[in-house]
Amino acid sequence: MEANNIDIKERVSASKKLQRADAEALLAKASKMTVAKGKKVQAFKGGKDPSDEAITAMLGSTGNLRAPTIVRGKTLLVGFNEEIYREQLT
């Protein structure tokens, strides 16, 4: 992040397990979300009534929020995909 001059306002330790309710709260504040799982990338709408598919996409196999998760304005990025990061963070 520092290499691209991106300031990190808040870091949450990986030991703090964020679960479904946390994912719902994050998505409720976003207008759009991109979820990356390897090369697979999915886009979802945010808002107060998120779809179950969107929430499920945010969670890993353990039921915890996938990492990394980035909130930038009204955009939520979940998971890592270098191309998506380049597009949306620079």
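General observations
- Region 54-90, subset basic (Lys, Arg) and within 17 Å of residue 29 (Cβ to Cβ), residue nearest to the chain's Cα centre (by Cα): 72
- Taking every residue in region 65-90 that is modelled with pLDDT of 90 or more and pairing it with any residue that is surrounded by fewer than 18 Cβ atoms within 10 Å (Cβ to Cβ) and of a type in the set (S, T, N, Q), at least 6 positions away or on another chain, the pairs with Cβ-Cβ distances below 6 Å are 74/31.
- Cβ pairs under 6 Å, 6+ apart, first in region 41-53 and closer than 12 Å to residue 23 by Cα and part of a loop (DSSP other than H, G, I, E, B), second basic (Lys, Arg) and modelled with pLDDT of 95 or more: 46/32
- Tally of residues being in contact with a Pro (Cβ under 7 Å, 6 or more places away or on another chain) and surrounded by 18 or more Cβ atoms within 10 Å (Cβ to Cβ) across region 14-33: 1
- Residue, nearest to residue 15 (Cα to Cα), within region 39-63, restricted to residues that are surrounded by 14 or more Cβ atoms within 10 Å (Cβ to Cβ) and at pLDDT 95 or above: 59
- The lone criterion from (1) part of a strand (DSSP E or B); (2) touching a residue at least 40 places away in the same chain (Cβ under 8 Å); (3) of a type in the set (A, V, I, L, M, F, W, C) left unmet by residue 27 is number (1).
- With respect to the stated conditions, residue 36 is touching a residue at least 40 places away in the same chain (Cβ under 8 Å), small (Gly, Ala, Ser), buried (at least 17 other Cβ atoms within 10 Å of the Cβ) and not in a loop (DSSP other than H, G, I, E, B).
- Test: residue in region 79-87 that is farther than 22 Å from residue 8 by Cβ and acidic (Asp, Glu): no
- The numbered conditions (1) buried (at least 18 other Cβ atoms within 10 Å of the Cβ); (2) assigned to a loop (DSSP other than H, G, I, E, B); (3) not aliphatic (A, V, I, L, M) are all true for residue 85 except (2).
The values are calculated or read from the model by the stated rules, or taken from the named source; none is laboratory data. These numbers come from a predicted model, not from an experiment. Cβ sites come from the backbone with ideal geometry, for glycine too, and all protein chains shown count toward neighbours.
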